[in-house]
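No value in this document is a laboratory result; all are computed from the given coordinates. Please read all numbers here as calculations on a predicted model, not as lab measurements. Cβ coordinates were reconstructed from backbone atoms using ideal geometry, including for glycine residues, and neighbour counts include every protein chain displayed.
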Amino acid sequence: MAALNKVSALNYDSLQLVDRPWFPYLCTEVDFWQWKTAGEDHFNFWLALAGDGYLSCDGQAFRIQPGSFFIFSPHQNISAAHYSGPRITRFSAHFFPVRHGERLQELAGLPLLGAAVASLAAVQRQIDVIMRIALRREDDAVLAGKVHELIRQVTGASELATCEALSPSVSAALRVFREDPASVASISDFAQSVGISRSHFDRSFTAQVGQPPRQFLINCKIIEARRYLESSSLRVGEIAEALGYKDIYFFSRQFKQLVGLSPAQYRRRLRE
């Protein structure tokens, strides 16, 4: 869901790019993408063009969907992930705002977290122009001007759609499910630990995330299993145990349902 918030245009007259935007701006060269930063010293304009995922910043979690955008200020700690559904495609530009020739380290109105563009198609056309300029190595000032124009346009409307942050219970669940899925022995116990009933938690999580918590947790466990198979010498039974499975055959069935191969077949495929 989205709400409309009044915003004023950001008060700067140009920008300085830190580097040229990447092409073709894909986050998910791999099936299950994660991104973390320890806090860069520049601003970052980050816009999702396609896909579905989650982003955390300043203690809040946001769902990433087509048209979602963020402008991060320097030194913010950010993490984002894609775990299921369409892969994320994003455009990003690292920059410093400039006012009267002076590069700014902070700017009123920023950071801007979880906003949404009014017309994704119009923004996509502008990004296509920016990428053509970047690829052709044309004048840096022209490129910076186009990025500045894009950011001004998406932030300078009299009304801006903003994506609601995920609820604290759902945000906590995403963090635990992603970072330590084996620690969740029971969805009901987890719901109780965050102070709500299982039914309320199921409804809230499904509405905000787009899939039930049990399915999301299974996805996270299987992703972790793939990482074990790819980067460790643990046996399949040891991996199942590490992920909280009491039955190796049940683990193998779930793995094959989601990946299309058994754990043993998946590991053999990696070695071919």
Item to check | Cα-derived Rg to Rh of the chain, Kirkwood definition | outcome: 1.03
Item to check | Whole-Hz couplings from phi, Karplus 6.51/-1.76/1.60, listed for the range 234-240; x for Gly and Pro | outcome: 4, 6, 4, x, 5, 5, 4
Checklist entry - With r defined as the distance between the Cβ atoms of Ser119 and Ala38 and R0 fixed at 35 Å, what FRET efficiency is calculated, to the nearest 0.05? => result 0.55
Checklist outcome for this item: For the chain, longest principal axis from Cα atoms; helix 168-179 axis from its Cα atoms; angle between them, nearest 10 degrees, is 70
Checklist entry - So for the range 168-271, taking the charge dipole from beta-carbon charges (+1 Lys/Arg, -1 Asp/Glu), which of Gln211, Ser183, Gly237 sits furthest toward the positive end? => result Gly237
Checklist entry - Label points 7 Å out from Cα along the Cβ direction at Asp19 and Gln211: separation in nm? => result 3.1
Next on the checklist: Only bridges whose two residues both fall in the chain count here: according to DSSP, what percent of them are antiparallel, nearest 5?
Outcome noted: 100
Checklist entry - Using a simple charge model, +1 on the beta-carbon of Lys and Arg, -1 on the beta-carbon of Asp and Glu, nothing else, what dipole does the chain show about its Cα centre, in debye to the nearest 20? => result 920
Checklist outcome for this item: Under the 7 Å Cα-to-Cβ spin-label approximation, Arg152 and Ala264 lie apart by a distance in nanometres of 6.5
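Run the helix sum for the chain: -39,500 (n - 2.57) per DSSP H stretch of 4+ residues, divided by residue count, reported at 222 nm to the nearest 500 deg cm²/dmol.
That calculation yields -12500 deg cm²/dmol at 222 nm.
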